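Working notes for the structure below.
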């Protein structure tokens with residue numbers, strides 16, 4: 001069975017990393033192709049010929065026609081839908097939805113009739129169902145094998161409290177800086193750590209560096225604009241092993257990949273009760289959205305209370321199971337087998 005995944009941006013992280021994480025297991029069962037509108041370093045991570053770029057409507061139409069897929073999976077990228085129609089609508093169409101933002105609006109204006117919708121959590125299934133869409137299947141995000149490897153965490157000379165995300169309003173980096181400030185003021189020996197922001201506008205970078213310089217409690221803070229994805233498992237492990245934790249200030253999450261990554265590596269997380277996060281975090285880890293006093297209190301407790309830290313990690317086994325590629329393969333294979341028009345099933 002030929003399956004062609006279509007997505008806007010070939011950028012390391014997010015949806016593209018999911019496609020890469022799936023590839024090894026999915027390609028053992030299906031003939032997989034990936035089509036991007038633009039590449040920002042992701043195409044080369046796939047074996048030669050698997051991923052390609054179609055930068056124009058005409059190129060997308062030609063690429064879909066040439067691929068002649070049994071199943072076309074379009075992920076949050078409506079420009080591929082018209083290209084698929086012009087190419088003769090080869091194979092069956094699946095729409096995969098990861099976004100929780102206003103980008104969902106295109107789903108209410110579809111000129112095509114997908115055979116199936118796929119999303120990453122029960123939260124998102126309910127969100128799509130409220131739009132009158134069906135049938136909907138849940139295929140959780142997955143992690144590749146490196147996240148499950150047993151390693152010895154590197155020793156750290158401090159206890160980090162880390163925030164990981166983009167410098168944008170969705171992840172609320174300004175609230176995160178204030179939260180780290182509050183925690184560091186109450187526990188001066190911790191090291192506030194912010195990871196992310198490599199592609200942020202200069203204005204956001206300037207605002208962050210000004211905040212770090214102006215706050216005495218953040219004087220020891222470290223900002224890492226970019227950490228290679230290969231190094232992230234070791235980073236989470238080191239934070240957890242040193243008695244630290246990660247905090248989240250996000251406004252919404254379709255799945256919560258950075259939270260899942262932390263848990264799998266034994267790093268406790270404190271996060272707002274938004275989106276799909278209650279599906280993967282225990283109640284002890286959650287705080288009401290915007291309640292920064294409770295968030296700080298929970299983080300401080302996690303720094304000193306072993307039993308509380310253990311409670312924060314109580315869903316780790318569940319998350320490890322749900323994020324394994326074989327779990328995602330089984331769920332997606334069921335959708336693909338039902339959706340394919342071709343008689344050439346795997």
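In terms of the Cα gyration tensor, with a ≥ b ≥ c the square roots of its eigenvalues, is segment 1-108 rounded because a/c is under 1.5, prolate because a/b exceeds b/c, or oblate? Kindly include the intermediate steps, with their values, before the conclusion.
On the way: a/c = 1.35, a/b = 1.08, b/c = 1.25.
It comes out rounded by the Cα gyration axes.
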Tell me, what is the percent relative contact order of segment 6-71, built from C-alpha pairs under 8 Å that lie six or more residues apart?
32 percent
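Please arrange 40, 25 by how many other C-beta atoms lie within 10 Å of their C-beta, fewest to most. Please report the intermediate quantities before stating the final value.
Values: 40 13, 25 21.
The fewest-first ordering by Cβ neighbours comes to 40, 25.
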Mind checking which of 245, 93, 131 has the largest fluctuation in a GNM of the chain, springs on alpha carbons under 10 Å?
131
Alpha carbons only, please: Rg and Dmax for segment 249-304, in angstrom.
10.6, 31
Per DSSP H run of n ≥ 4, the term is -39500 (n - 2.57); total these for the chain, divide by its residue number, and report the mean residue ellipticity at 222 nm rounded to 500 deg cm²/dmol.
-11000 deg cm²/dmol
Averaging sequence separations of C-alpha pairs under 8 Å and six or more residues apart, then dividing by the length of segment 146-322, give the relative contact order as a whole percent.
23 percent
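Eigenvalues of the Cα gyration tensor times 5, then square-rooted: what semi-axes does that give for segment 242-346, in whole angstrom, largest first?
Working: eigenvalues 234, 46, 15 Å².
Semi-axis lengths for segment 242-346 are 34, 15, 9 Å.
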Report, to two decimal places, the Cα Rg of segment 146-322 normalised by 2.2 N^0.38 Å (N = number of residues).
0.95
If you count the DSSP beta bridges with both ends in the chain, what percent of them are antiparallel, to the nearest 5?
0 percent
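Over segment 112-218, consider all pairs of different Cα atoms and compute the Kirkwood hydrodynamic radius from their mean reciprocal separation; express it in Å, one decimal.
On the way: mean 1/r = 0.0569 Å⁻¹.
Taking every pair of different Cα atoms in segment 112-218, averaging 1/r and inverting gives 17.6 Å.
Counting other beta carbons within 10 Å of each residue's own, what order do 46, 255 fall into, fewest first? Intermediate results must be reported in sequence, preceding the final value.
On the way: 46 19, 255 25.
Ordered by Cβ neighbours within 10 Å, fewest first: 46, 255.
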Mind pulling the angle between the C-alpha long axis of helix 325-339 and the longest principal axis of the chain? Nearest 10 degrees, somewhere in 0 to 90.
30 degrees
For helix 14-26, what angle does its Cα long axis make with the longest principal axis of the chain, in degrees from 0 to 90 and rounded to 10?
60 degrees
Full-extension gain between residue 79 and residue 145, please, as 0.36 nm times their residue separation minus the C-alpha to C-alpha distance.
20.5 nm
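Please compute the contact order of the chain in relative form: average sequence separation of alpha-carbon pairs under 8 Å and at least six residues apart, divided by the residue count, as a percent.
Working: 631 pairs, mean separation 57.5, N = 346.
The value is 17 percent.
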Placing each pseudo-label 7 Å from Cα in the direction of the beta carbon, residue 307 and residue 209 end up separated by a distance in nanometres of 4.7 nm
Taking only Cα atoms, what is the 0 to 90° angle, nearest 10, from helix 173-186's long axis to the longest principal axis of the chain?
30 degrees
How far is it, in nm, from the label point at residue 186 to the one at residue 109 when both lie 7 Å from their Cα along the line to the Cβ?
4.6 nm
Quick one: compute a quarter of the convex hull surface over the Cα atoms of the chain and quote it in nm².
17.2 nm²
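Read-outs: derived from the displayed coordinates by stated rules, not from any lab. Predicted model only: the values in this text are computed from it and were never measured. Note that each Cβ is placed from the backbone with ideal geometry, even for glycine, and that neighbours are counted across all protein chains shown.
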